[in-house]
Amino acid sequence: MSRNLVIAVVVALVLGVCALVLPFVVGSRGGTENGNMSALQARVEALDAKLAGGVPLKIAYVDAEGAFTVFTDAVKDLRQKATDKQAEIVALQQQFTQGKVTQAEYQTRANQLQVDLLQAQLAIDMGMIDKMIAASGFADLKADLQKLRDEAQPVVEEMKSLVSTVRVGILDVAEFQNRYNQVKAAFTQLDQLLTQAASVKIVQAAERVAVKNGFDLVLRSKNVIMYRNATRLTDITDLVMRELATYL
């Protein structure tokens with residue numbers, strides 16, 4: 001894969017992320033955006049009225065990282081391969097530190113494992129995309145996910161080529177590193193996409209759980225909650241995770 005092609009794929013993935021997330025963040029142009037703002041204003045006014053009337057708010061929180069495991073568990077077989085490669089890298093580093101392998105042997109094997117790990121990580125993301133596309137709970141994102149999967153396919157092919165190159169022996173270290181960095185950059189964009197897609201669904205699940213259980217406000221625990229009164233602030237992470245499971 002040429003440098004220009006990899007850059008083009010990265011740009012396409014970035015645009016895909018924007019196309020996927022923006023409709024849920026700011027709404028569409030015109031009436032929908034105004035409608036979203038009106039709905040938000042109405043909620044704020046309702047909360048103000050409740051507080052003014054002396055009625056306590058029902059507040060909950062969600063551990064978003066914990067909820068995200070619903071998606072990663074859906075591809076746990078693929079995740080295990082990545083975990084195994086990470087363990088091999090640690091073992092190789094220990095062998096090198098202990099002087100059991102030479103510098104040349106270490107570098108050759110480290111390059112192979114580095115590429116194998118990236119391929120395993122890429123397989124996880126592609127597997128998650130396939131799961132999302134096939135799931136009825138992702139019907140609203142299906143078209144965007146299919147498009148992004150198509151745009152990521154050249155990266156998958158370049159990854160296969162890179163693996164083959166490493167296994168037969170690296171002739172030019174600089175060229176190898178350049179190709180590896182390009183594929184990793186594209187993978188990073190794809191990984192961000194999946195995080196954004198999952199975040200959209202976590203927000204949707206949290207809203208459904210909140211409405212069903214009569215909560216007025218739902219917070220995210222990380223970087224938001226430093227202290228909580230367990231009698232006043234409810235953890236609904238498990239409920240959100242059960243809701244998310246129905247999407248897959």
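Read the figures in this text as sums done on the coordinates, not as results from a lab. Just so you know, these numbers come straight off a predicted model, no measurement behind them. Backbone-built Cβ (ideal geometry, glycine too); neighbour counts: all protein chains shown.
Tabulated values for the structure
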read-out	value
Given charges at beta-carbon only (K, R positive; D, E negative), |dipole| of segment 146-241 in Debye	380
Distance cut-off 18 Å, percentage of C-alpha pairs in segment 154-222 lying past it	59
Modelled FRET efficiency - R0 45 Å, residue 86 with residue 174, Cβ distances, 0.05 increments	0.95
Simple label model, 7 Å out from Cα along Cβ direction - residue 98 to residue 76, nm	3.1
All-pairs Cα distance distribution in segment 108-248, expressed in whole percent, bin size 5 Å	2, 8, 16, 15, 12, 11, 11, 9, 7, 5, 3, 1, 0
Amide hydrogen neighbours beyond the local backbone of residue 235, cut-off 5 Å, H modeled	61
Ordering of 225-231, 80-86, 180-186 by burial proxy (mean other Cβ atoms within 10 Å per residue, highest first)	180-186, 80-86, 225-231
Fully extended contour minus Cα-Cα distance, from residue 163 to residue 222, at 0.36 nm per residue	17.5 nm
Distance in nm between pseudo-label sites at residue 184 and residue 130 (7 Å out along the Cβ direction from Cα)	2.6
Cα convex hull of segment 191-230, projected area averaged across orientations, nm²	3.6
